[in-house]
Every structure is written in structure tokens, then in C-alpha cells.
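Data first, discussion second: the structure below is written as C-alpha cells.
The values are calculated or read from the model by the stated rules, or taken from the named source; none is laboratory data. Keep in mind that this is a model prediction, so the values were computed, not measured. Every residue, glycine among them, receives a Cβ derived from its backbone with ideal geometry; neighbour counts consider all protein chains shown.
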Amino acid sequence: MFAKKLTKLVGTIALAGMLITSLSVDYAQASLVSGSKFLGNIIAGSVPSSFGTYWNQVTPENGTKWGSVEGARNSMNWGQADTSYNYAKSNGMPFKFHTLVWGSQEPSWVGSLSAADQKAEVTQWIQLAGQRYGGSEYVDVVNEPLHAKPDYRNAIGGDGATGWDWIVWSFQQARAAFPNSKLLINEYGIINDPNLADQYVNIINILKSRGLVDGIGIQCHQFSMDTVSVSTMNTVLGKLSATGLPIYVSELDMTGDDATQLARYQQKFPVLWENPNVKGITLWGYIQGQTWINGTHLLNSNGTERPALQWLKTYLSGNNGGSGGTTASIYHDFESGTEGWAGGTISGGPWSTTAWASKNTHSLQVDIPMASGSAHYMYKTGTFNVTGFNQLRATVHGSTWGGYGSGLGVKLYVKYGSNYAWKDSGWATIGANGTINLTLDLTGIDKTNIKEYGIQFIDASNSSGTASVYVDNVYLWN
Ligand SMILES: [Ca+2]
Ligand SMILES: [Ca+2]
């Protein structure tokens, strides 16, 4: 009840803000994020009471698919579409119309029409959709062109000179019917398949050269996400980014038992969220028993949050796309800067660098002058509350240069409480070009009052020269 009232209040404020700021909208909501990137979800027949607690963008699950709206020819059923659209508009959330031209969930009667009638019906469908939902921020114009071509595609241009003339025609119709919307293309199986990504980019560039497409949708369902590597994800995101168009993750879900799903979200969600070209993420369902694939839910049917959702909340509190840690949580990926870290007894840095990374493309680097028994630090100070977590983790790496002698000592540490009590991960050592994952047990300390955390380095007695050391992927774990 509280959440419902809060949502309504904040929605009203956001709506007022939209009137003032016009096109430059920050999605100020009671949802998990409040920055320029949205984190949305789907709405089916009715709006879940918790929707606005978590999400700030709306895609109808089925309500704006042609087969749902026009199951009987020329008898339009806009009921579910209206429910989603009206909720989005009254709460200041961007709305995506999904979808206009797709070879699945199309009306059963369209296949048996003449080509001329097919073209007339698709045209009418697009125009009626635009008349009713022209205020949609986004429109999925063509869905799954590489997997589910519509049977009627020869009626709307076929392959033609471009090989994809039916898609060009569809986007031309959509541009006319939705002149104020961003037009997207949408496809699955891309994030885990660089070869298919190349084929997708080929279609996208045909549209881009004609000024017809405004963004790239990648579905990212569990069958593509569960086992994909971060490296492959980054390869694909790089290929899509090269088009210069924004990327929208349109149908994200990941499965697994609590621990498996948590690990998958922790490893892969930041790769998507923190990519500067990813402008929004939409999840495909979140409530147990109401998702299209079992095991993808984030909220149990009894209302409790699965660990992946608990983590997502903490990760996103203050993190709206790579901005780094906050006083409410600890998370550092160093993709866009030093994120408030400092160095002690160092000869250079700290810098955000691409020289090495354990996650995404950047880490934090300092240069250290090595001498027998000398200590060096990379750290962040403040007041941090890590309640709800039992471990702090980080990955540390050493350069190929520098005289490490019998090994550079490394510790992950925290200082906590009014007397700055010390706790660390215990000793480990790395040699030249070494990498190590450090885990600090947070149990037994005052989690509400962490004053500092970081990495301590201690030089071996037989060390010499200058080394560069790196830290990346600093995060909390249960
Ligand atoms: Ca019709
Ligand atoms: Ca990183």
C-alpha cells in the first residue's frame, strides 16, 4: 500500500517535471534507477502492484502484437494495449510499442489473403497503431527479421534490391505513422553470437543509410544469456556500437536457482548496464508464475525478493551507468574514472586505464616504487554501510615490469568504526603479470560504519624498480 501511494506521488512529480523539461527527461521514479537510462519491464493483462517499485519503462507483453489486437479481421481489441500505455503515460514512464511487423503472433487470417489485401491490412494496422499510440517513445518496427520473417513479406517489397526491401518498407510506413517515436529493430540470439550480430548489423546499416532506424534492440533472453561469456558479450556490443546507434536490451531474463541466477546477474548485468551505448534495459517479466520461462523470476509469488533482485537493488543504488560506488553500497568497475579512489606511497596515478581489466575494459592503476618492506595503498574513504553483505571482493593484477623479487604482498582491507579498526583478506602474493581474486570476510565487524576500503601492497625484501598495479571489479557478495 505504501509503495503504491509513493509510486503515484512520484509519478505525479515526474509528470510535472516532463512538462517543464520537455524533451530532456530524467526518469525520476520510485523505481530502482533514476538516471538517464531506464530499467523497464513488461505488463500483461493488468499492472502488478509492485511495478513502479522496481521499473520505470513499459513494454506490453502481448497487448501490442498484431495477432492480439486484430484476431478477427477489422475488429480491433486495444484493451491490454491501453492498460499498459495509460499506466506508462500517467506515471511518466517511456512506453515501447511491441511490435508492428513480425512473422509470429500475427493474425491467422492474413496468410490466406491476396498480396494486395495483405499489404493493405499491414498498412492499416501500422496506421491505426500510430493514431492510437503516437505518443510511444519507442516502437519495435520489425521483430526477429533473422528468425521469423512474415509470410506476407513478398506483399510489402520482398527481398528486393537490398535483400531486405520488406524491412525498409516497414520502417518507411512506421516513420510516417509514428513521426515522434524512436524506431527500433529487435532480434534474439545476438548477444551470444558475433556472426549473427554481423548479419544483424547489415540490416541495420541498410536502414541507417536511409535515416529509418533510431536504435538497436537485442532481446537477451535466458537461452542466450545464461552461459554466454563476458568476452563474447563485449565483442557483440562492440559490433553494434560501431553503427553509432544506441542499443536497447529489450527482453532480458536469466534463469537458475537462487545462487546461479545471482551469479549470472552479478557477472552479466553490469556488462550491459555500464556499456555507454546501452541506453536502456527492459526485463521480460519478474513475478514467479507470471514469466514465460520458469526460473527467470526475480520476485517470488509470496512477495519476497530473490537474491539476484536484492543484489540488483544494491548495485543500482546510486549506479546509473558506470558512475561507480556510493555511500550506500560498494561497487567499482573503473570504466569511466577513478570513482573516488586515492593512492598512498605511489609514484603515479591513480588512473582509469585499459592496460588491464578483469571486467569490461578498464581498471584502476597506480605505479609503485618498490623497496624492501615498503607499503603502498589504493583506497577509498567515506562512510559506507554494507549491511546485508558478508564479503567484499576485488581482483588485483601486477605489471610485467618491475622487480617483484620473491613476490608482491597484496591484501584487500577495510577500516571500520570510530577507531578505524582494521580487517583484511589475509596475505597473498603475486609475481610479474600475476592476477589474484581477493575475498574479505565482513562478518563480525560494524557493517554500518566502514570508513575506508582498499588494497594494501607490501614489497618483498628483494624487490626493486617500479611496477604498475591494477584493481578491478570491487563488489559486495552475500
Ligand atoms: Ca484490418
Ligand atoms: Ca572494469
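Considering only residues that are touching a strand residue (DSSP E or B) at 6+ places or on another chain (Cβ under 8 Å) and either surrounded by 18 or more Cβ atoms within 10 Å (Cβ to Cβ) or over 10 Å from Asn180 (Cα atoms) (or both), which ones fall in segment 128-137?
Passing the criteria: Ala129, Tyr133, Ser136, Glu137.
Condition first: of a type in the set (Gly, Ala, Ser) and either surrounded by 14 or more Cβ atoms within 10 Å (Cβ to Cβ) or away from ligand 1 (no atom under 16 Å from the Cβ) (or both). Can you find one or more residues in segment 120-127 that meet it? Reasoning before the result, please.
Of segment 120-127, the ones of a type in the set (Gly, Ala, Ser) are 120.
Narrowing the set further to residues that are either surrounded by 14 or more Cβ atoms within 10 Å (Cβ to Cβ) or away from ligand 1 (no atom under 16 Å from the Cβ) (or both) leaves none.
No, the conditions are met nowhere in segment 120-127.
Taking the condition under 12 Å from Val471 (Cα atoms) and in contact with a His (Cβ under 8 Å, 6 or more places away or on another chain), does Trp351 pass?
Considered against the rule, which asks whether it is under 12 Å from Val471 (Cα atoms) and in contact with a His (Cβ under 8 Å, 6 or more places away or on another chain), Trp351 comes out as no.
For Ser224, only one of the following conditions fails: (1) assigned to a helix (DSSP H, G or I); (2) over 30 Å from Leu262 (Cβ atoms). What is its number?
(2)
Assuming Trp109 fulfils every condition listed in (1) touching a residue at least 40 places away in the same chain (Cβ under 8 Å); (2) under 22 Å from Asn62 (Cα atoms) apart from one, which condition is it?
Among (1) touching a residue at least 40 places away in the same chain (Cβ under 8 Å); (2) under 22 Å from Asn62 (Cα atoms), the lone unmet condition for Trp109 is (1).
So, in segment 356-391, of the ones that are within 15 Å of ligand 2 (Cβ to nearest atom) and at pLDDT below 90, which residue ends up farthest from Ser463 (Cα to Cα)?
Checked segment 356-391; the qualifying residue farthest from Ser463 (Cα to Cα) is Asn360.
Identify all residues within segment 277-295 that are of a type in the set (Gly, Ala, Ser) and either closer than 13 Å to Leu309 by Cβ or outside the structural domain of Tyr188 (by TED's automatic domain parsing) (or both); write none if there are none.
Answer for segment 277-295, where residues must be of a type in the set (Gly, Ala, Ser) and either closer than 13 Å to Leu309 by Cβ or outside the structural domain of Tyr188 (by TED's automatic domain parsing) (or both): just Gly285.
When you check Trp356 against the structure, is it in contact with a Ser or Thr (Cβ under 8 Å, 6 or more places away or on another chain) and either within 16 Å of ligand 1 (Cβ to nearest atom) or without any contact (Cβ under 8 Å) to a residue 24 or more places away in the chain (or both), yes or no? Break it down into steps so the answer makes sense when it comes.
Details: in contact with a Ser or Thr (Cβ under 8 Å, 6 or more places away or on another chain): yes; either within 16 Å of ligand 1 (Cβ to nearest atom) or without any contact (Cβ under 8 Å) to a residue 24 or more places away in the chain (or both): no.
For Trp356, the condition - in contact with a Ser or Thr (Cβ under 8 Å, 6 or more places away or on another chain) and either within 16 Å of ligand 1 (Cβ to nearest atom) or without any contact (Cβ under 8 Å) to a residue 24 or more places away in the chain (or both) - is not met.
Cβ-Cβ distance below 6 Å, separation of 6 or more or different chains: which pairs start in segment 60-82 with a residue that is in the same structural domain as Gly135 (by TED's automatic domain parsing) and in contact (Cβ under 8 Å) with a residue 12 or more places away in the chain and end on one that is of a type in the set (Gly, Ala, Ser) and in a helix (DSSP H, G or I)?
Close Cβ pairs (under 6 Å, with a partner that is of a type in the set (Gly, Ala, Ser) and in a helix (DSSP H, G or I)) amount to Pro60/Ala81; Pro60/Ser84; Asn62/Ser68; Gly63/Ala81; Gly63/Ser84; Thr64/Ala81.
Specify which of the listed residues (Gly35, Gly40, Gly17, Gly11) is modelled with pLDDT under 95 and in contact with a Ser or Thr (Cβ under 7 Å, 6 or more places away or on another chain).
Gly11
Search segment 61-88 for residues being buried (at least 17 other Cβ atoms within 10 Å of the Cβ) and under 16 Å from Gly134 (Cβ atoms), and hand back the single one that is farthest from ligand 1 (Cβ to nearest atom).
Ala88
Here is a yes/no grid of residues against (1) within 15 Å of Gly344 (Cβ to Cβ); (2) touching a residue at least 12 places away in the same chain (Cβ under 8 Å); (3) among the basic types (Lys, Arg):
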residue	(1), (2), (3)
Thr395	no, yes, no
Lys423	no, yes, yes
Leu438	no, yes, no
Thr443	no, yes, no
Lys447	no, yes, yes
Ile458	yes, yes, no
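Hey, does segment 230-246 have a residue that's modelled with pLDDT under 95 and out of contact with any helix residue (DSSP H, G or I) (no Cβ under 7 Å at 6 or more places or on another chain)?
Taking every residue of segment 230-246 in turn, at least one turns out to be modelled with pLDDT under 95 and out of contact with any helix residue (DSSP H, G or I) (no Cβ under 7 Å at 6 or more places or on another chain).
Do you know which residues across segment 148-178 are more than 31 Å from the chain's Cα centre (by Cα), part of a helix (DSSP H, G or I) and charged (D, E, K, R)?
Those that are more than 31 Å from the chain's Cα centre (by Cα), part of a helix (DSSP H, G or I) and charged (D, E, K, R): Asp151, Arg153, Asp165.
Do you know which residues across segment 282-321 are within 18 Å of the chain's Cα centre (by Cα), part of a loop (DSSP other than H, G, I, E, B) and more than 16 Å from Leu252 (Cβ to Cβ)?
Ser317, Gly318, Asn319, Asn320
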